[in-house]
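Undergrad: Dropping the structure in here first, questions after.
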Amino acid sequence: MRNVTDVEMAKEVTLMEVVKTLGHAVRLDWRRMVVTGLTFALLMQVLMMIALMVRFQGLPNYAVGYDWIGNVIHIIKSTPSWGDIMPIVNQEWLIEIGKMNYDYGTGISEWSLNVVPVRIMVLFVLGALVALCLSLLRTDQCDVATGTTLRATTGLGTVLIAMTNATMSWVVCCAAPSWVVGLAMLGLGVSTSLALESMGPALNLAGFGLLLCTAHYLAWRKTRNPQHLSGSLKHA
């Protein structure tokens, strides 16, 4: 009877076991996660710039750098509400690259790519999470249908996060850098695109939720693996 009880106890997958499995996966693949995160962040900037140049059939003719650290310090010192600091810092630029039209006085920016450090950090985390999910998928012994579903879920989460962290601006869209500029560039009405802008945070959280749930589920499946259970029994 005691052996049966031990087997039943080994099959009881606790949250702690899942966390330990995730921690083990991170320790094994942390280098790959860092490289993938940096690649995602850089590649996203390159793709946005290419999309702008292809859409507007022109090359950028100006680039401006900003004192991001100094501006953040100024925001922290001058903003009375702590709740307002992060939303403001979230929009602070490091570099602006775009096309300036000088037909109107000193010039007006027709379109631009805005490199925002906070968004780059978000994209870095996105890349690291994708690498973690793919690492867990490689070692998971799931059937083809389940594997396809999990990859599709990972892809959907990636698209939602990447899309809502785009930082392109277009004079037609009030020249404000936003993820909805991409929708307007693709042909969606400007008014409709701007109306969807408030959904950005929810879609961003939904994307992270999908990736975290996928990683959690894959770690849970790993703890149900017979080899993992046999290992649990040895240490019981």
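The values are calculated or read from the model by the stated rules, or taken from the named source; none is laboratory data. Quick caveat, the model's predicted, so the values are computed rather than measured. Neighbour counts are summed over all protein chains in view; Cβ atoms, including those assigned to glycine, are modelled from backbone coordinates with ideal geometry.
Undergrad: Given the condition over 20 Å from A162 (Cβ atoms), crowded, with 17+ Cβ neighbours inside 10 Å and at pLDDT 85 or above, answer yes or no: does some residue in region 33-55 qualify?
TA: First, the residues of region 33-55 that are over 20 Å from A162 (Cβ atoms): none.
For region 33-55, residues over 20 Å from A162 (Cβ atoms), crowded, with 17+ Cβ neighbours inside 10 Å and at pLDDT 85 or above: absent.
Undergrad: Out of everything in region 172-181 that is at pLDDT below 85 and closer than 17 Å to P60 by Cβ, what residue ends up being surrounded by the fewest Cβ atoms within 10 Å (Cβ to Cβ)?
TA: A175
Undergrad: When you look at S135, is it modelled with pLDDT of 85 or more and in contact with an Asp or Glu (Cβ under 6 Å, 6 or more places away or on another chain), yes or no? Explain how you work it out, then say what you get.
TA: On the way: modelled with pLDDT of 85 or more: yes; in contact with an Asp or Glu (Cβ under 6 Å, 6 or more places away or on another chain): yes.
Yes: the conditions hold for S135.
Undergrad: Separate question: For region 117-159, give me the residue count where each residue is under 29 Å from N90 (Cβ atoms) and not charged (D, E, K, R).
TA: Within region 117-159, the subset under 29 Å from N90 (Cβ atoms) is 117-134, 153-159.
Next cut, not charged (D, E, K, R) only: 117-118, 120-134, 153-159.
Residues meeting the conditions: 24.
Undergrad: Also, I was wondering about something else. Just to be sure before I move on: is W111 in contact with a Ser or Thr (Cβ under 7 Å, 6 or more places away or on another chain) and either of a type in the set (F, W, Y) or assigned to a loop (DSSP other than H, G, I, E, B) (or both) in the structure I sent?
TA: Considered against the rule, which asks whether it is in contact with a Ser or Thr (Cβ under 7 Å, 6 or more places away or on another chain) and either of a type in the set (F, W, Y) or assigned to a loop (DSSP other than H, G, I, E, B) (or both), W111 comes out as yes.
Undergrad: Follow-up question, since we're still on this one. So E92 clears everything in (1) under 22 Å from the mean Cα position of the chain (by Cα); (2) closer than 25 Å to T158 by Cα; (3) part of a helix (DSSP H, G or I) except one condition, right? Which one?
TA: So the condition that E92 fails would be (3).
Undergrad: What's the number of the condition M163 fails, among (1) surrounded by fewer than 20 Cβ atoms within 10 Å (Cβ to Cβ); (2) farther than 29 Å from N61 by Cβ?
TA: The number of the failed condition is (2).
Undergrad: Same structure, new question: Determine, yes or no, whether S112 is in contact (Cβ under 8 Å) with a residue 40 or more places away in the chain and surrounded by fewer than 20 Cβ atoms within 10 Å (Cβ to Cβ). Break it down into steps so the answer makes sense when it comes.
TA: Working: in contact (Cβ under 8 Å) with a residue 40 or more places away in the chain: yes; surrounded by fewer than 20 Cβ atoms within 10 Å (Cβ to Cβ): no.
Judged against the criteria, S112 is not a match.
Undergrad: Next question, about the same structure. Restricting region 72-109 to residues that are of a type in the set (S, T, N, Q) and within 27 Å of V172 (Cβ to Cβ), which is surrounded by the fewest Cβ atoms within 10 Å (Cβ to Cβ)? Spell out how you get there, then give the answer.
TA: So the first thing to find is which residues in region 72-109 are of a type in the set (S, T, N, Q), and the list is 78-79, 81, 90-91, 101, 106, 109.
Applying the additional criterion that residues be within 27 Å of V172 (Cβ to Cβ) yields 90-91, 101, 106, 109.
Working: N90: 12, Q91: 15, N101: 12, T106: 6, S109: 16.
Step by step, filter region 72-109, then rank; the result is T106.
Undergrad: Any residue at all in region 96-117 that's of a type in the set (A, V, I, L, M) and under 14 Å from the mean Cα position of the chain (by Cα)? Steps first, please.
TA: First pass over region 96-117, keeping only residues of a type in the set (A, V, I, L, M): 97, 100, 108, 113, 115-116.
Then keep just the ones that are under 14 Å from the mean Cα position of the chain (by Cα); that gives 116.
Yes.
Undergrad: Would you check which residues across region 121-158 are closer than 17 Å to L22 by Cβ and without any contact (Cβ under 8 Å) to a residue 12 or more places away in the chain and list them?
TA: Listed by number, the list holds a single entry, R138.
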